[in-house]
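In what follows, a structure is listed as structure tokens, so that the remarks can point back to it.
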Amino acid sequence: MVPTLSIQPADALIDVPRQIRVEHVAPGQTVEITALTRRNGVLWQSQAAFVAGEDGVVDLSRDAPVSGDYGGVSPMGLIWSQSPVDSPSREHFNHPVTEALVTEVVARAAGAQSIARFTQRLAADGVTRQEVREEGLVGTLYLPPGATPGSHPAVLILNGSGGGINEPRAALYASRGYAAFALAYFKAPGLSDYISNTPLEYFQTGLRWLRKKVQPKHDFVAISGQSRGGELVLLLGATFPTEVSAVVAYVPGAVVHSGQNACDPKIGREGPTWLLGGKPLPHVWENNRTATWAPFDEGPSPHRHEKAILTALQDPDAVARARIKVEDIQGPVMLLSATDDGSWPSSLYSKMVRDKLAEVRHPYPVQWLDYENGGHSILFPYVPTTQLVYAHPVSGKISTSGGNPKDNARADQESWEGVLKFLDAAVKARGQAAPSADRAQAGAAATPGNAG
């Protein structure tokens, strides 16, 4: 009996789950399944063994493996449990990201085997990519298929302390209907190699350029960022409230931080990160009576940066001085965090933001998704989640982002579903508010006494 392997859909966006089934196997027969994906030139692999049911079928959406690289029922477990073969790579995507990922799946049973492949795309057919090098900005603009001025809402995407241009998320946002501008602010061509002394006005220029360039539907421009980018999007929403329609903050900080691991060595990790009007913003390490790097520097490897951050949060005066004034944000806010975040306490930070917005009765929706036992690296669905320990791309320090592969995979999947629903609701609310605002303005102009 020769096993038959099928994968549906065979070709789709990366956030679409696949049904992987092996049929024509003797009931009770052991079936070994291997998944192989070449990611930016590096081979990643996973393996799991299953026992065929009485129907002679192994269905990954129904059956848990009896051994292998993941446990429990997980239709895409063979993807999130992949690890690089003989390489320390953490690169999940091809360069360019518009080049799809192809996974070969091999099913073996009783000496026979069957092979099938499936394709994961970040960019849907018709999505366009444009490098941006104007007005001092460095980034990449992805537009949905058939985009014209005014046809789609927009989102500005910001990376964290690794710097660079977050093209994978921009491509996927564009594939889901958003004019998506991935904007670098350090570690990119023509920019500083470090996060230190970054002017907030640069991002205001980016917001204004994006509005001018795509003329977004309902004038809707959201900002999405993770880690230092999560801190940054909250800060930008509070600093330029009329220019930000919604905030999506992945594993964010609730306070302004110093340069930390991405600092310019000449300035130091306790030097400023953000400037406004040429002046540094107060940050939590500044004049802090309790802060110490020792738990991070001297703790066991892999180091947990979060342990040092927690020492800084024990000084309430320093926290108050550095707190981001999230109550000034004029739009909906989404927070995504995890309870085992090794980089900093994103769960605690998200609670601080949520509590402040509740205290002031924020007049817009606030949503918080907090993932139990998840770590700092919340991405989007169906990518490997095994590479928890890494050398920081700027400082080189060996650290852990925390969490575990299974719970990180759950966070990847559920967070992206939540973000898409959140943004869809925010765009619709903005569209409904615009006509009523226009009517109110017209009515005010027509009221006697308002003329002249």
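Residue-wise test of (1) outside the structural domain of ALA246 (by the TED database); (2) open to solvent by 40 Å² or more (accessible area, probe 1.4 Å); (3) among the polar types (S, T, N, Q); (4) under 16 Å from the mean Cα position of the chain (by Cα).
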site	(1), (2), (3), (4)
LYS325	no, yes, no, no
SER337	no, no, yes, yes
MET352	no, yes, no, no
PRO384	no, no, no, yes
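The single condition from (1) closer than 18 Å to THR385 by Cβ; (2) in contact with an Asp or Glu (Cβ under 8 Å, 6 or more places away or on another chain); (3) among the β-branched types (Val, Ile, Thr); (4) buried (at least 16 other Cβ atoms within 10 Å of the Cβ) that ILE79 fails is (2). Can you run down the residue pairs with Cβ atoms below 6 Å, 6 or more apart or on separate chains, where the first is in the range 172-191 and in the same structural domain as ASN94 (by the TED database) and the partner is assigned to a loop (DSSP other than H, G, I, E, B) and open to solvent by 10 Å² or more (accessible area, probe 1.4 Å)? Taking only residues 6 or more apart or on different chains, not a single pair turns up.
Residues of the range 232-266 that are surrounded by fewer than 24 Cβ atoms within 10 Å (Cβ to Cβ), in a helix (DSSP H, G or I) and out of contact with any Gly (no Cβ under 8 Å at 6 or more places or on another chain): ALA238, THR239, THR242, GLU243, ASN261. Within the range 114-155, if we keep just the residues that are in a strand (DSSP E or B) and basic (Lys, Arg), the residue that is least open to solvent (accessible area, probe 1.4 Å) turns out to be ARG121.
Restricting attention to the range 193-207 and to residues that are more than 22 Å from ILE267 (Cα to Cα) and either of a type in the set (A, V, I, L, M) or open to solvent by 10 Å² or more (accessible area, probe 1.4 Å) (or both), the residue that is nearest to the chain's Cα centre (by Cα) turns out to be LEU207. For the range 387-413, a residue qualifies if it is touching a helix residue (DSSP H, G or I) at 6+ places or on another chain (Cβ under 8 Å) and either open to solvent by less than 30 Å² (accessible area, probe 1.4 Å) or in a strand (DSSP E or B) (or both), and the qualifying residues are HIS392, SER399, GLY402, GLY403, ASN408, ALA409, ASP412. The criterion of being within 23 Å of VAL419 (Cβ to Cβ), in contact with a Pro (Cβ under 9 Å, 6 or more places away or on another chain) and at pLDDT 95 or above holds for LEU336. Candidates in the range 267-287 are the residues that are closer than 14 Å to VAL394 by Cβ and open to solvent by less than 10 Å² (accessible area, probe 1.4 Å); of these, the one that is nearest to the chain's Cα centre (by Cα) is THR273. Residues that are more than 27 Å from SER192 (Cα to Cα) and among the small types (Gly, Ala, Ser) number at least 2 in the following helices (runs of 4 or more DSSP H) confined to the range 267-326: 316-322. Restricting ALA171, ALA180 to those that are touching a helix residue (DSSP H, G or I) at 6+ places or on another chain (Cβ under 9 Å) and crowded, with 24+ Cβ neighbours inside 10 Å reduces the list to ALA180.
Just one of the listed residues (THR385, THR400) is modelled with pLDDT under 95 and not aromatic (Phe, Trp, Tyr), namely THR400. May I ask you to verify whether THR98 is more than 23 Å from HIS218 (Cβ to Cβ), open to solvent by 40 Å² or more (accessible area, probe 1.4 Å) and β-branched (Val, Ile, Thr)? For THR98, the condition - more than 23 Å from HIS218 (Cβ to Cβ), open to solvent by 40 Å² or more (accessible area, probe 1.4 Å) and β-branched (Val, Ile, Thr) - is met.
Beta carbons closer than 8 Å, at least 6 apart along the sequence or on distinct chains, pair a first residue in the range 111-131 that is more than 23 Å from GLY177 (Cβ to Cβ) with a second that is open to solvent by 90 Å² or more (accessible area, probe 1.4 Å) for ALA112/MET1; ALA112/VAL2; SER114/VAL2. Against the numbered list (1) in contact (Cβ under 8 Å) with a residue 24 or more places away in the chain; (2) farther than 30 Å from PRO393 by Cβ; (3) within 32 Å of the chain's Cα centre (by Cα), GLN29 comes up short only at (3). Is there a residue in the range 223-231 that is part of a helix (DSSP H, G or I), open to solvent by less than 40 Å² (accessible area, probe 1.4 Å) and among the β-branched types (Val, Ile, Thr)? Checked against the condition, which is being part of a helix (DSSP H, G or I), open to solvent by less than 40 Å² (accessible area, probe 1.4 Å) and among the β-branched types (Val, Ile, Thr), the range 223-231 yields no hits at all.
The values are calculated or read from the model by the stated rules, or taken from the named source; none is laboratory data. On a predicted model such as this, the values are computed, not experimentally measured, just so you know. Cβ sites come from the backbone with ideal geometry, for glycine too, and all protein chains shown count toward neighbours. The accessibility values were calculated without ligands, DNA or RNA, using every heavy atom of the protein model including side chains. Shrake-Rupley method; radii C 1.70, N 1.55, O 1.52, S 1.80 Å.
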